[in-house]
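Written below as structure tokens is the structure these notes are about.
Computed from the coordinates by the stated procedures, all read-outs in this text should not be read as laboratory data. In this text, all values refer to a predicted model and were calculated from it rather than measured experimentally. Cβ placement follows ideal geometry from the backbone for every residue including glycine, while neighbour counts extend to all protein chains displayed.
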Amino acid sequence: MATAVTPIKVDAHIDQLISHAAHFLGLSKKDVVDAAVREYIDNHRAEIRQAVKEALRQLDGPVASSVTLLTGMSRAELDEVGGFSERE
């Protein structure tokens, strides 16, 4: 399976750190970033899993809860623009 290459933006200082690490480790910048992201996700897996569970819990609730999660609007803001009945 071919993988897509997608550029990411980092500030100049981080780019310099990535470049130095790649040079001294004999790796490409892509390999350094790949390893770093994988390590970060592994180290924060429990937090990520908890956030996913919370999002799913909100999405499985009433429509209003789903809309607040997806839009970032508060329940009060939703009510101001028409809101949702409890049946929805």
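So here's what we get for this one:
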read-out: The chain - Rg over Rh from alpha carbon coordinates, Kirkwood radius; value: 1.22
read-out: Calculated FRET value between residue 12 and residue 37, using beta carbons and R₀ = 30 Å, to 0.05; value: 0.95
read-out: Full-stretch length increase - residue 48, residue 66 - with 0.36 nm per residue and alpha-carbon distance subtracted; value: 4.6 nm
